[in-house]
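I have placed the structure first, in the form of structure tokens, so that the comments after it can refer back to it.
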């Protein structure tokens, strides 16, 4: 098959392109700028992704699109109207790509959405499932949900098969954002006030997510479906710190601070969202993709965290 991967020079996209190439697939990598370089695959410059992007040449002879490119969630958005900016890329850009893919005769489009479509947190005993009522709570999540709806509508009106994947936090080689900040804090031996936290969070290692995306691109039973994915087990934030510390060859430095006090301080200093990510639970149930597609994570949570920590040790030393 010939694959088109959007966002191909990003965190997930680079790993996906490399894995597809390793499996002997033909890959066309869509990037915004001519300065982007990706080994072993054809690179196509598409510029900004929105409702006006011309995909005609890029989609020629493509069988499957894996759409990763997005305006991503940030803690502090500088845009005057964040929702409009998110919708321009994540909804309008997705709808435009899907429509042109259908016209070009593409068989399937796999859309990488987000678990934030389901909501921001769960209880420890009731994880999100595919049938959970969507509850997007910020502009990014709203735009991803509307992107899903636009894709489904186009799939209903054309021969294009749509598959939606909602991952939780993705980690692995090249990770950025809050995860690498946590790695840095653990690596520097900074004491963290997390010893009293009793939560559970689902994560997915980059290699596991890429395996799921490739399976969703080819399995006949995936057409028209939405899947949640995760590593094989959930983890508390204190245990996450301990495993990262072990991988970094450090001792975890945790001390107790009440969750209520942490939330109060977070609210006082405008960091409540960051605090909630540390103390709240967000669990997903991935039974559906395992049952329908026979998928299971190739890497355990421990293996993924160990590989990420080893990468960070090398990264930090440079």
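Of all the options 165, 259, 64, the one that moves most in a Gaussian network model of the chain with Cα springs shorter than 10 angstrom is 259.
Counting every other Cβ atom within 10 Å of each residue's Cβ, 317, 246 order from fewest to most as 317, 246. Among 166, 152, a tally of other beta-carbon atoms within 10 Å of each Cβ gives an order, fewest to most, of 152, 166.
Using only Cα coordinates, the Kirkwood hydrodynamic radius of region 226-318 works out to 15.7 Å. Considering only 92, 149, 243, the Gaussian network model of the chain with Cα springs below 10 Å gives its largest mean-square fluctuation to 149. Counted by neighbouring Cβ atoms within 10 Å, the residues 120, 52 run from fewest to most as 52, 120. Built from the Cα atoms of region 37-188, the convex hull projects on average onto 11.6 nm², one quarter of its surface area. Within region 131-208, all pairs of alpha-carbon atoms sorted by distance into 5 Å bins from zero give the percentages 3, 11, 13, 17, 18, 15, 10, 6, 4, 3, 1, 0. State the Cα centre-to-centre distance between region 2-51 and region 157-185 in whole Å. Cα centroid to Cα centroid, the span is 16 Å. Dividing the radius of gyration of the alpha carbons in region 114-163 by their Kirkwood radius gives 1.06 for Rg/Rh. Candidate values (1) 19.9; (2) 16.3; (3) 15.3 were compared with mean projected area of the Cα convex hull in nm² computed on the shown model; the agreeing label is (2). Here region 1-72 has an Rg and Dmax of 11.1, 33 Å, counting Cα atoms alone. Comparing 113, 281, 33 in a Gaussian network model of the chain (Cα springs below 10 Å), the most mobile by mean-square fluctuation is 33.
The angle between the Cα long axis of helix 206-218 and the longest principal axis of the Cα atoms of the chain comes to about 30 degrees, rounded to the nearest 10. Angle of helix 93-103 to the longest C-alpha principal axis of the chain, folded into 0 to 90 degrees and rounded to 10: 30°. Helix 11-22 and the longest principal axis of the Cα set of the chain meet at an angle near 60°.
Laboratory data are not the source of any read-out in this text; all were calculated from the coordinates shown. All values reported here derive from a predicted model rather than from experimental measurement. Cβ: placed from backbone, ideal geometry, glycine included. Neighbour counts: every protein chain shown.
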